[in-house]
Amino acid sequence: MNVTPIHRHNGMLYMDHVNLQQIAEHYGTPCYVYSRQGIRQRWLAFDNAFAQQPHLVCYAVKTNSNLAVLQTLAQLGAGFDIVSGGELARVLKAGGDASKVVFSGVGKSEAEMRFALASGIKCFNVESEAELYRLESVAKALNMVAPISLRVNPDVDPKTHAYISTGLKENKFGVSFKQALTLYRYAAASAHLMVQGIDCHIGSQLLDLAPLQEAATRVVAFQQQLNTEGIRLHHIDMGGGLGIDYQDSDQAPTPAAYVQALLDAIQQADMEVLVEPGRAIVGNNGVLLSKVELLKENEGKSFMVIDAAMNDLIRPALYDAWQSIVDVYDNAQVAQSVDVVGPVCETGDFLGKSRQLTSQPNDYIAVLSAGAYGFVMSSNYNTRPRAAEIMVDGAQHQCVRARETLEDLMRGERLFNE
C-alpha cells in the first residue's frame with residue numbers, strides 16, 4: 001500500500017498540515033497541489049533501498065516537470081531521465097547536475113543532441129541504428145565523444161495498458177538484442193561514441209514485478225555476451241515504470257520491493273544500476289482541486305459539473321484511467337452517485353463516472369493521485385488557461401506556477417494584416 005500525504009481531520013481534507021479547502025479558496029481552482037515532503041520521502045525510498053549497491057535514481061521528468069519539483073529532487077542529489085531538450089533546460093534551471101542526466105526518446109533532434117553534449121550529460125539512451133549514426137555525426141562535428149547506451153527491447157509483456165507498454169517488439173521503442181549486438185560493435189569501434197551501458201524500459205504503471213525481473217534477466221544475459229567480445233558496460237539502466245495505488249485493488253509494490261526484485265535478477269552483473277521512476281515518486285503526492293459549478297439531472301442520470309476538465313487532466317479520457325475523487329469536506333450527508341464532468345464541449349470530458357459524492361455547488365472536490373501525468377499533459381483546449389500549481393511543505397504553501405491568463409494564451413498570435 002502506498003503511503004500518501006493526504007488525510008482527514010474533522011472531516012476536512014489535508015495535505016501534510018495544510019487545509020486543502022483553504023488552498024482552493026486562496027489560489028482558486030482548478031489547481032494542482034504537490035507535497036514537497038512526500039516527494040522527498042518517495043525518492044529517498046528508492047535511493048535507500050539500494051544500500052551499498054552503486055546506483056543512480058534518475059527521476060523521469062516527463063511525469064511532472066514543474067521547476068519546484070525538479071529543484072526538490074536536485075537538492076537530494078537525484079539523477080534525471082529526460083526525453084527532450086526542453087526537459088534538459090528545466091533540469092539545469094532547477095539546479096540539476098547534467099552529469100546525472102540520461103537522455104531517452106526515439107526522436108532526438110540534432111539540436112537536442114548538441115545541447116546535451118555541450119551540457120555534459122551522463123548518457124544518451126540510443127533507440128535506433130539511425131539515431132546512433134546521427135549522434136556520431138553530431139559528436140564528430142563538435143569534436144566530442146558521445147556517451148551512449150543502447151535501449152534494448154526484450155519483448156516482455158508488462159501486463160499494463162497498451163498505450164504505456166514499451167517493451168514488446170511491436171512497440172516503437174528500442175532495438176532487438178540481435179540488432180543491439182551489431183550496434184554495440186559499431187559504437188565500440190567509433191572514435192566519437194563511448195559505450196557506457198545498456199538500457200531497458202518495459203512500460204509504466206507496473207503492478208507485477210515478474211515481467212521486470214524477466215526483462216532484467218534477459219538484459220544481463222546479453223551483457224554477459226558483450227563481455228565475451230570485450231565490450232564492457234559500466235551501468236545497466238532498467239528504466240522505471242513502478243505503479244502506484246490509484247484504487248485499493250491496485251496493491252502496488254513498494255520501492256524497496258521493486259529495487260530488491262531488480263537486484264535479485266541482476267546480481268551477477270557487477271555494474272552501476274540506474275532506475276528511472278517517475279509516477280512512483282510524484283503520483284500519490286499530488287491532487288487536483290476543483291470547484292463544483294452545478295449539479296444536473298438528466299432523466300435519472302446525475303452529473304456533477306466542476307471547473308476542471310479534460311484539458312486539465314486528460315488521463316480519464318485518454319486511457320479510461322480511474323482516479324479516486326473525494327469531497328474536500330466530508331459533511332457526513334448521504335452521498336449520491338454522479339458522473340464528474342467538466343465544461344469542455346466533448347462527451348469524453350469526464351474525470352470520473354458513477355462516483356459517490358456529497359458536495360454541492362461551490363463546494364470543492366479533489367482528484368487524488370494527480371501528481372503524475374496531470375499538469376504536464378494539460379492543454380488549452382476550448383481556450384482554457386492551464387491551472388495553477390501549488391507546493392506544500394509541512395504547514396507552508398507556495399504557488400510554484402501561476403495560473404495562465406487569456407493574455408498568456410494569445411501571446412504570439414497576430415491578426416492577419418489585410
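Contact order normalised by length for the range 65-277, with contacts defined as Cα pairs under 8 Å and 6 or more residues apart; what percent is it? Spell out each step's value before the answer.
On the way: 398 pairs, mean separation 32.5, N = 213.
Once divided by the residue count of the range 65-277, the mean separation gives 15 percent.
Determine, from the Cβ-Cβ distance of HIS234 and ASP208 and an R0 of 35 Å, the FRET efficiency 1/(1 + (r/R0)^6), rounded to the nearest 0.05.
Details: r = 30 Å, r/R0 = 0.85.
E(calc), rounded to 0.05, equals 0.75.
Taking a label point 7 Å from the Cα of GLN398 along the Cα→Cβ vector, which residues of the range 28-68 have an amide N closer than 18 Å to it?
Those under the cut-off are 32-41, 65-68.
Rank these for me by crowding, TRP322, TRP43, going from fewest to most other beta carbons within 10 Å.
Working: TRP322 15, TRP43 22.
Least crowded to most crowded, the residues run TRP322, TRP43.
Any chance you could count the Lys pairs in the range 65-277 whose alpha carbons are under 26 Å apart, treating pairs 8 or more apart or on different chains as valid?
Qualifying lysine pairs in the range 65-277: 18.
Taking every Cα atom in the chain, find the radius of gyration and the maximum pairwise distance Dmax, and write them in Å.
22.7, 72
For the chain, what does the helix formula give at 222 nm: sum of -39500 (n - 2.57) over DSSP H segments with n ≥ 4, over the residue count, nearest 500 deg cm²/dmol?
Values: 12 runs with 119 residues, N = 418.
So the calculated ellipticity at 222 nm is -8500 deg cm²/dmol.
With 10 angstrom as the radius, rank LYS301, LYS291 by how many other C-beta atoms surround their C-beta, starting from the fewest. Present the calculation step by step, with values, prior to reporting the outcome.
Details: LYS301 10, LYS291 19.
With the fewest neighbours first, LYS301, LYS291 line up as LYS301, LYS291.
Mind checking which aspartates and glutamates have their C-alpha under 13 Å from LYS353, skipping anything on the same chain fewer than 8 residues away?
Within reach: ASP320, ASP339.
Mind giving me the FRET efficiency for GLU293 and PHE416? R0 is 35 Å, r the Cβ-Cβ distance, nearest 0.05 is fine.
On the way: r = 36 Å, r/R0 = 1.02.
E between GLU293 and PHE416, to the nearest 0.05, is 0.45.
What percent does the relative contact order of the chain come to when contacts are Cα pairs within less than 8 Å and at least six residues apart?
On the way: 957 pairs, mean separation 82.6, N = 418.
Computed over the chain, the figure is 20 percent.
Looking at the calculated P(r) for the range 65-277, what percent of the C-alpha pair distances fall above 31 Å? Please report the intermediate quantities before stating the final value.
Values: 3891 of 22578 pairs.
Summing the P(r) tail past 31 Å for the range 65-277 gives 17 percent.
Gap in Å between the Cα centre of the range 272-329 and the Cα centre of the range 185-249?
32
Fewest Cβ neighbours within 10 Å first, please rank THR383, THR63 accordingly.
On the way: THR383 9, THR63 25.
The order, fewest Cβ neighbours first, is THR383, THR63.
Can you give the FRET efficiency to the nearest 0.05 for GLU110 and HIS17, using r as the Cβ-Cβ distance and R₀ = 51 Å?
Details: r = 49 Å, r/R0 = 0.95.
Computed FRET efficiency for GLU110 and HIS17 comes out at 0.55.
Any chance you could run the full-extension gain for GLN333 through ASP264? It's 0.36 nm times the residue separation minus the Cα-Cα distance, nm to one decimal.
On the way: separation 69, 0.36 × 69 = 24.84 nm, distance 5.01 nm.
Taking 0.36 nm per residue and subtracting the Cα distance, the gain is 19.8 nm.
Sort 201-207, 88-94, 6-12 by packing, meaning the average of other beta carbons within 10 Å per residue, with the highest value first.
Numbers: 201-207: 24.6, 88-94: 18.9, 6-12: 12.7.
Packing proxy ranking, top to bottom: 201-207, 88-94, 6-12.
Quick one: length gained pulling ARG134 to ALA221 fully straight, 0.36 nm per residue minus the C-alpha distance? Mind dumping the intermediate values first?
Working: separation 87, 0.36 × 87 = 31.32 nm, distance 2.82 nm.
The ARG134-ALA221 span can extend by a further 28.5 nm.
Any read-out appearing in this document is the output of simple, stated calculations on the displayed coordinates, not a laboratory observation. Values in this document were obtained by computation on a predicted structure and should not be read as measured data. Positions of Cβ are backbone-derived with ideal geometry, glycine not excepted, and every protein chain shown enters the neighbour counts.
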